[in-house]
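Chemist: Please find one structure pasted underneath; my questions will follow.
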Amino acid sequence: MSTATAHRFLGADGAPDPYTPGVGCTAVTVEHYDLFLDYDVEDNGLEARAALSCRALRATDRVELDLTELAVTEVRVSTGGLGGLLGGRRAEARHHGSRLVVALPRPVAAGDRFTVTVSYEGWPECTDGPWGEVGWTELDDGAVVAGQPTGASTWFPCVDHPSHRATFRITVRADEDYTVHASGELESVTEDDGERTWVFVSPDPLPPYLATVAVGPFQRVELTGSRVPQLLVVAKKRRKKAERTFADQGRMLEVFAEWFGPYPFPSYTAVVVDTSLEDPFECHSCSVFGKNQLGTDWEEQRLVAHELAHQWFGNSLVLGSWRDIWLNEGFASYAEWIWSEASGGRPAGWHAEKAHRTLSRMRQDLVIGDPGHVRLFDDVVYVRGALTLHALRVELGDAVFREVLRSWASVHRGAWVSTDGFREHLRGFAPRERWAGLDALLDAWLLRPALPELP
């Protein structure tokens with residue numbers, strides 16, 4: 001295999017993703033990550049170990065992983081249930097930049113399972129790309145991870161693409177003065193010699209970019225208002241304002257459950273870091289907000305709704321390819337308008353008209369069904385994606401539209417989704433003679449740069 005081919009990602013379906021060509025693995029997927037992080041907040045120092053339960057997608061003699069900058073101290077490979085084929089032996093590895101290539105002691109066949117354990121250390125930091133800085137971010141007093149789209153590799157070795165999902169166990173040891181939150185459910189907290197060890201488990205498979213860790217002088221506060229357990233993880237001096245900010249989140253959960261089906265995970269956590277963020281961001285079963293995003297006005301409340309809606313659209317329903325990003329951001333943006341009208345605010349139609357006027361004054365040069373990697377998170381993808389859904393709502397009528405959204409989220413819960421799949425889903429709610437019209441509507445909004453008239 002040539003170097004160029006080795007460094008080009010092939011997804012689980014064998015299709016290359018041109019949006020993130022420098023990440024991923026052609027031959028192996030990871031089914032479970034068991035991470036142990038020993039974190040020193042004072043100097044942002046990390047000593048860590050990651051055990052990756054792998055499955056070969058084809059015959060191979062090596063594994064390519066994403067790991068940015070951190071120093072690898074040892075790599076071992078074992079097979080467990082495969083009769084000791086690899087024997088838990090130390091493995092040769094080459095680490096350059098963000099690529100870690102592990103030479104397996106012996107080749108494996110397609111379907112074989114084995115474990116790669118990587119010990120590593122260093123001072124993790126975010127990486128800069130077309131989307132800004134992503135990954136591990138050191139705060140004034142702690143750290144947080146914003147993984148989307150390729151930031152997972154800044155804190156653990158992984159196959160960093162949404163088409164590769166795995167279960168997680170994340171163990172973090174830090175000074176006892178700090179609280180830790182990570183993706184999944186808190187399994188245990190133990191104390192020893194001035195340190196606490198926090199263990200979080202996620203039995204629901206997730207792509208690496210949705211895994212997160214937040215470390216800081218936080219308080220853990222239980223929120224009410226929903227049958228879904230809610231937790232607020234927040235710095236003490238931000239607690240009162242944060243509690244007001246998330247006071248209606250329980251109602252949001254209930255409204256979204258009516259529209260999208262039951263909340264897909266055991267609980268939901270809002271993390272508030274004591275610093276300003278450019279944007280809040282979603283992670284698996286939690287979202288992270290900056291101190292500048294706290295408040296009870298519409299601009300803050302729509303962000304609470306947006307990030308919560310991503311638990312259905314983006315976290316439960318996962319993209320198979322980044323080109324279909326509108327399925328995440330358009331749906332979450334439309335959820336803002338759903339919450340607005342459900343809470344007694346402006347109806348979705350008002351927001352749609354306002355958004356359409358805004359877009360009509362902008363340059364029409366983006367195809368949101370394939371926006372390209374540089375403009376993956378362009379505001380137009382969000383707003384025009386929401387307008388696409390509103391156009392469908394007008395075309396189908398409220399009752400059918402609600403059933404389209406609810407069944408889309410329910411039928412595809414825990415699965416990969418695509419724009420083509422959404423087209424097929426729509427056809428189940430219209431007679432055959434209307435299929436061409438629905439396809440034309442989606443084509444106009446998703447595949448052409450010109451802004452259609454709002455129905």
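Chemist: Within segment 112-135, which residues are in contact (Cβ under 8 Å) with a residue 24 or more places away in the chain and in contact with a helix residue (DSSP H, G or I) (Cβ under 9 Å, 6 or more places away or on another chain)?
Modeler: Residues satisfying the conditions are Asp112, Arg113, Phe114, Thr115, Pro124, Glu125, Cys126, Thr127, Gly135.
Chemist: Now for a different question. Every residue in segment 174-196 that is surrounded by fewer than 17 Cβ atoms within 10 Å (Cβ to Cβ) and part of a strand (DSSP E or B), please.
Modeler: Asp175, Leu186, Glu187, Ser188, Val189, Thr190, Glu191, Asp192, Glu195
Residues are listed down the side, and each one gets a yes or a no for (1) over 25 Å from Pro205 (Cα atoms); (2) modelled with pLDDT of 95 or more:
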residue	(1), (2)
Lys236	yes, no
Tyr268	no, yes
Thr275	yes, yes
Cys283	no, yes
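Chemist: Only one of these is in a loop (DSSP other than H, G, I, E, B) and in contact with a Lys or Arg (Cβ under 8 Å, 6 or more places away or on another chain): Gly414, Gly369. Name it.
Modeler: Gly369
Chemist: Could you tell me which of the residues Asp439, Asp398, Asp365 is within 28 Å of Gln148 (Cα to Cα), modelled with pLDDT of 95 or more and out of contact with any His (no Cβ under 8 Å at 6 or more places or on another chain)?
Modeler: Going through Asp439, Asp398, Asp365 in turn, just one is within 28 Å of Gln148 (Cα to Cα), modelled with pLDDT of 95 or more and out of contact with any His (no Cβ under 8 Å at 6 or more places or on another chain): Asp365.
Chemist: One residue is enough: does segment 5-22 have a residue meeting the conditions surrounded by 14 or more Cβ atoms within 10 Å (Cβ to Cβ), outside the structural domain of Gly372 (by TED's automatic domain parsing), at pLDDT 85 or above and aliphatic (A, V, I, L, M)?
Modeler: No: zero hits.
Chemist: Still on this structure: Restricting the first residue to segment 380-394 and requiring it to be free of Cβ contacts under 8 Å to residues at least 40 places away in the same chain, which pairs with a second residue that is surrounded by fewer than 22 Cβ atoms within 10 Å (Cβ to Cβ) and aliphatic (A, V, I, L, M) meet a Cβ separation below 8 Å and a spacing of at least six or different chains?
Modeler: Pairs that qualify, where the first residue is free of Cβ contacts under 8 Å to residues at least 40 places away in the same chain and the partner is surrounded by fewer than 22 Cβ atoms within 10 Å (Cβ to Cβ) and aliphatic (A, V, I, L, M), are Val380/Leu359; Val380/Met362; Val380/Leu366.
Chemist: Can I ask one more? Would it be correct to say that Thr26 is hydroxyl-bearing (Ser, Thr, Tyr), modelled with pLDDT under 95 and within 24 Å of the chain's Cα centre (by Cα)?
Modeler: Yes, satisfied.
Rundown of residues vs (1) in contact (Cβ under 8 Å) with a residue 40 or more places away in the chain; (2) surrounded by 15 or more Cβ atoms within 10 Å (Cβ to Cβ), yes/no style:
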{"site": "Trp416", "(1), (2)": "yes, yes"}
{"site": "Phe422", "(1), (2)": "yes, yes"}
{"site": "Phe429", "(1), (2)": "no, yes"}
{"site": "Arg432", "(1), (2)": "no, no"}
{"site": "Asp443", "(1), (2)": "no, no"}
{"site": "Pro449", "(1), (2)": "yes, no"}
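Chemist: For segment 337-350, check the following and say yes or no: at least one residue is in contact with a His (Cβ under 8 Å, 6 or more places away or on another chain), buried (at least 24 other Cβ atoms within 10 Å of the Cβ) and not assigned by TED's automatic domain parsing to the domain that holds Leu232.
Modeler: Yes - at least one qualifying residue is present in segment 337-350.
Chemist: Name the residue that is surrounded by the most Cβ atoms within 10 Å (Cβ to Cβ), counting only residues in segment 113-138 that are in contact with a Cys (Cβ under 9 Å, 6 or more places away or on another chain) and among the aliphatic types (A, V, I, L, M).
Modeler: Per the criteria, the residue is Val116.
Chemist: Let me ask another. Which residue out of Trp408, Trp416 is hydrophobic (A, V, I, L, M, F, W, C) and modelled with pLDDT under 95?
Modeler: Going through Trp408, Trp416 in turn, just one is hydrophobic (A, V, I, L, M, F, W, C) and modelled with pLDDT under 95: Trp416.
Chemist: Going by what's in this entry, would Arg346 be described as outside any helix (DSSP H, G or I) and under 29 Å from Glu300 (Cα atoms)?
Modeler: Here the answer is yes, as Arg346 does meet what is asked.
The values are calculated or read from the model by the stated rules, or taken from the named source; none is laboratory data. Treat the numbers as computed from the prediction; the structure is a model and nothing was measured. So basically every Cβ, Gly included, is an ideal-geometry build from the backbone, and we count neighbours across all protein chains shown.
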